[in-house]
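Student: Quick one: the structure is below, and I'll ask about it shortly.
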Amino acid sequence: MKLLLIIFLSLNIYAGDILTSYRLNGIAQIEKEMDLELSKKEYWDKIVENKDTTFGYIESYNNILACDKSVSTLELYSLDENQSFNYRKTYDAFTGKLKGDKVREGDLKTPIGIYQITQKLSKETKLDPFYGPLAFVTSYPNIYDSYRGKNGSGIWIHGLPSEDRDEFTRGCIAINNSSIECLDRNIDIDKTVLIIDDAKVKQNISKDTLSSILAQLYSWRYSWIYDDIEGYLSFYSPEFVRSDGMNIEEFRKYKTRVFKKVEKKTIIFNDINVLPYPNTSNIYQINFKEFYKSDTFKFTGDKTLVIELGEDNKIKILTEK
């Protein structure tokens with residue numbers, strides 16, 4: 001209770017009103033008021049103000065790998081002691097034989113998008129020598145790739161064979177063996193995100209746009225917690241398709257049934273990242289750790305939303321997982 005009061009005071013909310021609300025309605029009403037405060041852009045303006053938004057709003061990544069296919073480079077940026085992303089190194093790279101975004105298996109193109117590194121492979125894991133001493137497996141295809149009908153797999157960052165090297169790949173990103181070993185020494189794959197574009201990866205992202213997206217993310221959460229089905233669904237695009245194939249009408253019916261239970265819910269978001277999607281002007285990827293608990297269901301894990309930002313600066317969720 002003491003912590004709740006301190007937080008409210010930091011938001012410049014009159015303490016007497018808090019105590020009166022608590023006296024008359026209990027702690028649940030105070031929680032609701034705090035949840036509402038989290039959905040206000042003014043709160044997020046203050047959070048973002050001193051945040052390094054070079055690549056977006058980032059809470060959980062320490063390293064950014066930025067691949068520019070137009071000049072065949074892979075750049076490493078790392079978080080410093082001042083919580084800023086500093087340029088560290090550029091690695092010369094080989095990318096797909098053909099230009100453009102990857103669409104299907106075997107098209108010899110490197111995808112454009114945002115990817116996690118899911119695994120490290122080496123000779124200890126019986127990595128084929130063709131890929132050099134190390135390989136980092138990426139999460140291609142991601143949910144936005146799948147939403148757009150793209151397929152294929154096996155997109156890695158890897159080294160090079162000692163002989164018979166081509167100056168291109170079948171879709172992977174390849175760097176010299178000394179470079180892949182250097183990269184391995186300088187990143188934690190669980191704290192690293194890979195961004196691939198056909199040009200220099202976007203930098204210096206608008207703080208105003210990011211705080212607006214974050215406020216709306218928490219407005220979506222507010223509607224979810226307090227069973228406002230119409231408010232909740234208003235955040236979804238008519239073109240929404242969930243990662244399992246559920247379209248917007250099926251999703252609406254499903255969520256309407258769930259919301260009718262009117263259960264007490266706890267929903268907490270941690271490690272939030274909001275990144276502009278490469279090669280687009282108004283698409284953003286949001287990922288975070290979600291803790292969800294109700295009377296009948298409990299979930300803790302990763303959540304990803306891909307949203308479209310409209311001309312009115314309102315977000316619409318295109319897909320989620």
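Student: Anything over 26 Å Cα to Cα? Flag those among Lys51/Lys293; Lys97/Lys191; Lys89/Lys191, in the order listed.
Tutor: Beyond 26 Å between Cα atoms: Lys51/Lys293; Lys97/Lys191.
Student: Another one. May I ask you to derive the FRET efficiency for Asp312 and Ile27 from their Cβ-Cβ distance with R0 = 30 Å, giving the value to the nearest 0.05?
Tutor: E(calc), rounded to 0.05, equals 0.25.
Student: Could you give the longest part of the chain that holds none of the GluC sites (Glu not before Pro) found in DSSP loops with at most 10 neighbouring Cβ atoms within 10 Å?
Tutor: 168-310
Student: Right, here's the next one. Looking at segment 99-175, which trypsin sites (Lys or Arg not before Pro) are in a loop (DSSP not H, G, I, E or B) and have at most 10 other Cβ atoms within 10 Å?
Tutor: Counting only loop positions with at most 10 other Cβ atoms within 10 Å, the trypsin sites (Lys or Arg not before Pro) in segment 99-175 are Arg104, Lys126.
Student: Another one. Over the chain, calculate the relative contact order: mean separation of alpha carbon pairs under 8 Å at least 6 apart, over the residue count, as a percent.
Tutor: Result for the chain is 18 percent.
Student: Want the number for Asp227 to Phe130: 0.36 nm per residue separation, take away the alpha-carbon distance, what's left?
Tutor: Contour length minus the Cα-Cα distance gives 29.5 nm.
Student: Using semi-axes √(5λ) of the Cα gyration tensor in Å as the read-out, say which of (1) 41, 22, 17; (2) 30, 24, 17; (3) 34, 23, 17 was calculated from these coordinates.
Tutor: Step by step, semi-axes √(5λ) of the Cα gyration tensor in Å for this structure corresponds to label (1).
Student: How big is the charge dipole of segment 5-126 about its Cα centre, in debye rounded to the nearest 20, if each Lys and Arg gets +1 on its Cβ and each Asp and Glu gets -1 on its Cβ? Could the numbers behind the result be given before it?
Tutor: Working: 17 positive and 19 negative charges, 156 e Å.
Result for segment 5-126 is approximately 760 debye, rounded to the nearest 20.
Student: Rounded to whole Å and sorted largest first, list the principal axis extents of the Cα atoms in segment 126-228.
Tutor: The Cα atoms of segment 126-228 stretch 61, 30, 27 Å along their principal axes.
Student: Take every Cα pair under 8 Å in segment 106-255 that's 6+ residues apart, average their separations, divide by the length, and report that relative contact order as a whole percent.
Tutor: 22 percent
Student: With axes computed from alpha carbons, what is the tilt in degrees of helix 207-225 against the longest principal axis of the chain, rounded to the nearest 10 within 0 to 90?
Tutor: 60 degrees
Student: Roughly what angle does helix 27-37 make with the longest principal axis of the chain, taking Cα atoms, 0 to 90 degrees, to the nearest 10?
Tutor: Here the helix axis deviates by roughly 50 degrees.
Student: Sticking with this structure for a sec: Report in % the part of the accessible area of segment 131-265 that belongs to carbon and sulfur, leaving out ligands and nucleic acids; probe 1.4 Å.
Tutor: Values: 2900 of 6310 Å².
For segment 131-265, the apolar C and S fraction of the accessible surface comes to 46 percent.
Student: In Å², and per residue, what accessible area does the chain have when probed at 1.4 Å with the other protein chains present?
Tutor: Here the per-residue accessible area is 51 Å².
Student: How much FRET efficiency would the formula 1/(1 + (r/R0)^6) give for Glu81 and Ala199, where r is the Cβ-Cβ distance and R0 is 30 Å, rounded to 0.05? Before the final figure, lay out the partial values.
Tutor: Working: r = 31 Å, r/R0 = 1.02.
For Glu81 and Ala199, the calculated efficiency is 0.45.
Student: Can you tell me the length gained on complete extension of the stretch Phe291 to Leu108, counting 0.36 nm per residue apart and subtracting the Cα distance?
Tutor: 61.9 nm
Student: For Gly96, enumerate residues with amide H under 5 Å from its amide H, sequence gap 5+ or separate chain, H modeled in the peptide plane.
Tutor: Thr110, Thr169, Gly171
Student: Continuing with this model, one more query. Select from Tyr222, Val201, Tyr236 the residue farthest towards the positive end of the dipole of segment 180-242; place +1 on Cβ of Lys and Arg, -1 on Cβ of Asp and Glu, and compute about the Cα centre.
Tutor: About the Cα centre, the residue reaching furthest to the positive side is Val201.
Student: Against the longest alpha carbon principal axis of the chain, how many degrees, from 0 to 90 and to the nearest 10, is the axis of helix 177-186 turned?
Tutor: That helix lies at roughly 20 degrees to the long axis.
The values are calculated or read from the model by the stated rules, or taken from the named source; none is laboratory data. A quick note: this is a predicted structure, and the numbers were derived from the prediction, not measured. Cβ sites come from the backbone with ideal geometry, for glycine too, and all protein chains shown count toward neighbours. In case anyone asks, the SASA skips ligands and DNA or RNA and just uses the protein heavy atoms, side chains included. Shrake-Rupley method; radii C 1.70, N 1.55, O 1.52, S 1.80 Å.
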